[in-house]
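The values are calculated or read from the model by the stated rules, or taken from the named source; none is laboratory data. Note that this is a predicted model, so its numbers are computed, not measured. Cβ sites come from the backbone with ideal geometry, for glycine too, and all protein chains shown count toward neighbours.
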């Protein structure tokens, strides 16, 4: 995983976009084409709801079938052609109330921009595993880059099924003596080459597993109780650590730290120009919790946010169309 950049941390972008799904990539296309220096921070190559979709046949102008990941790549490459910079980095904290906004990634980098578009999607979990909260920080972790070194030469389990989970698993495997990749579904929702790379590192793949409980004592995690969903057989996996990278359908907005107005369901509130309660901070896509979740609708949200950013930064009296 690439963790370094060839531009200085002092650079202030016109706009930083959090998320590279259809909303974020479409926004980047419009801001970059409109002459705004554009940074897109994204968690994983095949991240988000579209990235794990197996087949797309109804995106306007794109004759399918093709995978969601392939469609995302087309969108991102289009934005890159106009100069948008896509940088892999999970945003974990933000400072949004000043004229220059600051974004902080999990690996310790800081990015600055005069405007921000939040397009991070809705893939967070709404429920916890039994034992997850009890052993958080005592064997349970959500960050391989942060905590993998603490498990050097010790066995661990990784729970997840997408591209992001594979990237973290690959990093963790450099330290742990044994890594079990525990997948609740029947297959990994990621490009085959990404899975092959992880398996080449000696990671043991365990498909179709229900996580019953994270086991442990006062000393921390001791194991994982699992049930095979096909055979119904239960087993105990002896591990010292459990890394969790599971998704859900809750808006991914923890990094906002309640700085912008949200509903009780953690959906971001925006006005008719996609601006949040903080000037210069916009939102698009599934973080708005619209009832219809379609890639083309998220993409349209991203375009609306991008045009509003152009109005905001260039102090225009109204939004102008871009052809």
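Values as computed for the structure displayed
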| read-out | value |
| --- | --- |
| Failed condition for residue 269, given (1) out of contact with any strand residue (DSSP E or B) (no Cβ under 8 Å at 6 or more places or on another chain); (2) surrounded by fewer than 16 Cβ atoms within 10 Å (Cβ to Cβ) | (1) |
| Checklist (1) touching a strand residue (DSSP E or B) at 6+ places or on another chain (Cβ under 8 Å); (2) in the same structural domain as residue 171 (by TED's automatic domain parsing); (3) modelled with pLDDT of 95 or more applied to residue 93, failing item | (2) |
| Counted residues, region 188-198 - those being surrounded by fewer than 17 Cβ atoms within 10 Å (Cβ to Cβ) and at pLDDT 90 or above | 2 |
| Some residue of region 24-38 being at pLDDT below 95, surrounded by fewer than 24 Cβ atoms within 10 Å (Cβ to Cβ) and assigned to a helix (DSSP H, G or I) | no |
